[in-house]
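Heads up: the structure comes next, in structure tokens.
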Amino acid sequence: MGSTIYVTSAEGRSGKSTVAVGLLEALKGTVDRLGVFRPVARSQAESDYVLDLLLEHSTAGLDADMCTGTDYARLHDDPETAFPRIIDRFTAVQHRCDAVLILGSDYTDVGTPTELATNARIAADLAAPVVLVLNGRETSGEGARTPAQVSAVARVAVAEMRAEHAEVAAIVVNRAAPDALASIVELVKHDTGLPCWAIPEDGELTAPLLRSVLASVEAELVFGDPLLLDRPVRGTVVAAMTLENVLPRLIEGSVVVVPGDRSDVLVGAVVAHLSSTFPSLAGIVLNGGFDIAPDIARMLEGLGAALPIARCATGTYDTALRIINTRSRLAADSPQKYATAVGLFERHVDAEDLLRQLSLSPATVMTPARFEYSLVEKARSDPKRIVLPEGDDDRVLQAASIVLRRGIAELTILGDERLVRERALELGLDLSAARVISSRDPELHARFTEEYFQLRTSKGVSHETAAERVADVAYFGTLLVHDGLADGMVSGAVHTTAHTIRPAFEIVRTAPGVSVVSSVFLMALADRVLVYGDCAVIPDPTSDQLADIAVSSAATARQFGIEPRVAMLSYSTGESGSGTDVDKVRAATELVRSRAPELPVAGPIQYDAAADPTVGASKMPGSDVAGHATVFIFPDLNTGNNTYKAVQRSAGAVAIGPVLQGLAKPINDLSRGALVRDIVNTIAITAIQAQAAR
């Protein structure tokens, strides 16, 4: 039966979802099967977007229906059956999890003045310690609360919860004034005697996405790039006046409400957005239901504007009012907001201390979610400088934003700075902390041209050829790493593997004592992480190369907290078989023993004998590797590549990689079909390799 945490707030609009997602990510590092439970949903007939978001990132594999207790209507109309139903449904979830994050009800227009007491009673019924979230701002206005006001709310809320026999374990003050965090924490701790942390107000989390704004006014997108609908909306400008009066009122990231028959204002707003001398807009809403005139549409197409323009039927006043009242949501389809929330929590809340207050002990096995969490935490412990050469790819920019928000690494992005930053702005991404440089930067290009010429002149490379190659982002990025201006590089979202690693072979070259560059995949199974090598680089390694791959793979395993026990795979085990292929593996095994005598290694050995303790004990008795291998070395690329894909697809494993190894400095390749999550993981891996290299 799993441990429990109850996250609830004392009032509405506290942003308790920020605290919930931060706790959810922290819990991934301590438990295997992490569940979520919502005692009271707004309605059981409609989707609960907050629950859906949390379930998307949980690890117990439960659905929303199972994880919902009841809804407001049933709780109000028939509380005598609603409370037992909550307990019954929660117990079923708890039995299937190692820990359950319980998210209290929302303060909505159907809530009651006794909502906090209701949450307290539910927490007591479920025997769940409470993390109480307080609002650092006035719910009736935009003003920040003083430390004394926050503390007063804390005292009242804690007293009310204790009156219902709920155990308040800690307090988190969210949306607090940035310059008052320390004062708030000190006073709340003093007045309540409870651990307390404070998270500052963040404009991006409180800003609704453009797609939510358009949905609120039932608007139809009639022009512009649909990919830009995830940009946060930071204000509303009503443009029912002449253009010269509209322009001074434009706000960065705002939605401009334009009467549909004011083509002059529409065109003027678009030109202002494109001009770089006025604020960049999130979008335009044409109210009144009018179509854009054909000649005006032709003019907009000629301007090449990607700015979303939508049309709605309501009048100016109703349109503006609906937009202003649109609430921000930590939507499951907004990874940037999720990353922002997690980053805020990680920076301002001591998660380890908080979990200790809740008496949660660490898990004993490594799940995929826990492994990915451990990658991020290890990278964050000593951030390194990673260069991303493909600044013209949206996935790379989205991943970069997440990496920066969570403090995983410092980033250099290659590309035209104006174009990269404009695209990031259009996508609603904050890349202000990233360095953006062009591969044709005059100073660096001249410096790198000379360096590359000196490195490759013996291979017949002329000065002109060197200048041309250095302008290529893969070469330029590699030279940044070579010269110590970056600690590692991640590429391949757009370019081929050869394009990514050829410059590394020519410039960075192999690490001392290593003869070949190879690769591994980190295979995150349900309960452990294995290392597979080589599955991506060397087609048919010799015995000497195979031994090199094994030693490098063991070193890579250690970098990621995996104790290496190396299995040199073949189609026979021990002395039972013979033949050229088996002899190659047998010779490689002996080379590994001579090069790394401290390394546990067995070979030749079949996969089942390496992975299964029973089979291992039968086929290779007395071996400390058989049945317990963590590093699997395949005899050739054909076997390795097919095996990792078979395990990935058939066993549901998360395959992270390929991770290149053997280079003097870390450079890693992406699949051209890489998801944003894959890019983030690879950046974290590269940063960890850079930590080890240092």
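What is the spin-label model distance, in nm, from Ala215 to Asp382 if the labels are put 7 Å beyond Cα along the C-beta direction?
My value for the distance between the label points is 4.4 nm.
May I ask you to derive the relative contact order of the range 122-194, considering only C-alpha pairs under 8 Å and at least 6 residues apart, and to give it as an integer percent?
Numbers: 94 pairs, mean separation 31.9, N = 73.
Dividing the mean separation by the residue count of the range 122-194 yields 44 percent.
Using 0.36 nm per residue of separation minus the Cα-Cα distance, give me the extension gain between Thr614 and Glu244 in nm, one decimal.
Numbers: separation 370, 0.36 × 370 = 133.20 nm, distance 8.11 nm.
The Thr614-Glu244 span can extend by a further 125.1 nm.
Taking only Cα atoms, what is the 0 to 90° angle, nearest 10, from helix 368-381's long axis to the longest principal axis of the chain?
90
Given a 1.4 Å probe and every protein chain left where it sits, what share in percent of the accessible area of the chain is carbon and sulfur?
Details: 14150 of 28060 Å².
Answer for the chain: carbon and sulfur cover 50 percent of the accessible area.
Roughly what angle does helix 580-595 make with the longest principal axis of the chain, taking Cα atoms, 0 to 90 degrees, to the nearest 10?
80
Would you mind getting the accessible area per residue of the range 24-81, heavy atoms of the protein chains only, 1.4 Å probe, in Å²? Display every interim value, and only then the final one.
Numbers: 2390 Å² over 58 residues.
On a per-residue basis, the range 24-81 sits at 41 Å².
Just grab the label-to-label distance for Arg456 and Asp78, each label 7 Å out from Cα along the Cβ direction, in nm (one decimal).
With each label placed 7 Å out from Cα toward Cβ, I get 7.6 nm.
As an exercise, find the ratio Rg/Rh for the chain from alpha-carbon atoms, using the Kirkwood inverse-distance average for Rh.
Values: Rg = 28.7 Å, Rh = 28.1 Å.
Expressed as Rg/Rh, it is 1.02.
Going highest first, how would you order 566-577, 286-297 by mean Cβ packing within 10 Å? Write out the running numbers ahead of the final one.
Values: 566-577: 21.5, 286-297: 15.5.
Packing order, densest peptide first, comes out as 566-577, 286-297.
Percent relative contact order of the range 149-243, based on C-alpha pairs within less than 8 angstrom and at least six residues apart?
Numbers: 84 pairs, mean separation 23.0, N = 95.
Reported as a whole number, the value is 24 percent.
Dipole of the range 619-694 (Lys/Arg Cβ +1, Asp/Glu Cβ -1, origin at the Cα centre): which of Pro635, Ser623, Ile679 lies farthest to the positive side?
Highest projection toward the positive end goes to Ile679.
Strictly over 18 Å apart at the Cα level, which of Lys28/Lys378; Lys16/Lys378; Lys337/Lys384 would you flag in this model?
Values: Lys28/Lys378 14 Å; Lys16/Lys378 27 Å; Lys337/Lys384 23 Å.
Too far apart for the 18 Å limit: Lys16/Lys378; Lys337/Lys384.
Before I look further, what does the range 180-330 give for accessible area per residue, probe 1.4 Å, in whole square angstrom? Write out the running numbers ahead of the final one.
On the way: 6670 Å² over 151 residues.
Here the residues of the range 180-330 average 44 Å² of exposed surface.
For the chain, give me the percentage of DSSP beta bridges that are antiparallel, rounded to the nearest 5 percent. Kindly include the intermediate steps, with their values, before the conclusion.
Details: 17 of 76 bridges.
Looking only at bridges with both residues in the chain, the antiparallel portion is about 20 percent.
Say R0 is 41 Å: what FRET efficiency, to the nearest 0.05, do Arg447 and Glu46 get from their beta-carbon distance? Before the final figure, lay out the partial values.
Values: r = 60 Å, r/R0 = 1.46.
Efficiency computed from Cβ-Cβ geometry: 0.10.
Measure nothing fancy, just the Cα-based angle from helix 115-125's long axis to the longest principal axis of the chain, in degrees from 0 to 90, nearest 10.
Compared with the principal axis, the helix lies near 40 degrees.
Output the peptides 173-179, 644-650, 558-564 sorted from most to least packed, where packing is the average of other Cβ atoms within 10 Å over each peptide's residues.
Details: 173-179: 21.1, 644-650: 14.4, 558-564: 16.4.
By packing density, highest mean first, the sequence is 173-179, 558-564, 644-650.
As a check on your grasp of the helix formula, calculate [θ] at 222 nm for the chain: sum -39500 (n - 2.57) over DSSP H runs of n ≥ 4, divide by the residue count, round to the nearest 500.
Values: 28 runs with 305 residues, N = 694.
Using -39500 (n - 2.57) per qualifying helix, the result is -13500 deg cm²/dmol.
Take peptides 148-154, 251-257, 545-551 and line them up by average Cβ neighbours within 10 Å, highest first, as a rough protection proxy. Write out the running numbers ahead of the final one.
Working: 148-154: 19.1, 251-257: 21.4, 545-551: 26.3.
In decreasing order of mean packing, 148-154, 251-257, 545-551 become 545-551, 251-257, 148-154.
Got the relative contact order for the chain handy, in percent, Cα pairs under 8 Å and 6 or more residues apart?
Details: 1441 pairs, mean separation 76.9, N = 694.
That works out to 11 percent.
Between Thr277 and Val222, take the C-beta separation as r, use R0 = 22 Å, and let me know the FRET efficiency to the nearest 0.05.
Details: r = 26 Å, r/R0 = 1.19.
Here the calculated transfer efficiency is 0.25.
Using a 1.4 Å probe, how large is the accessible area of Glu11, given in Å² and rounded to the nearest 10?
Accessible surface of Glu11 is approximately 30 Å².
What nm value, rounded to one decimal, do you get for the distance between Ala433 and Ala313 when each label is placed 7 Å out toward the C-beta?
Placing both labels 7 Å beyond Cα along the Cβ direction yields 4.6 nm.
The values are calculated or read from the model by the stated rules, or taken from the named source; none is laboratory data. If you're wondering where the values come from, they're calculated on a predicted model, not measured in any experiment. Don't worry about glycine lacking a Cβ; one is built from the backbone with ideal geometry, like all the others, and counts go over all protein chains shown. Ligands, DNA and RNA are stripped out before the accessible areas are found, and what is left, the full protein with its side chains, is counted by its heavy atoms. Shrake-Rupley method; radii C 1.70, N 1.55, O 1.52, S 1.80 Å.
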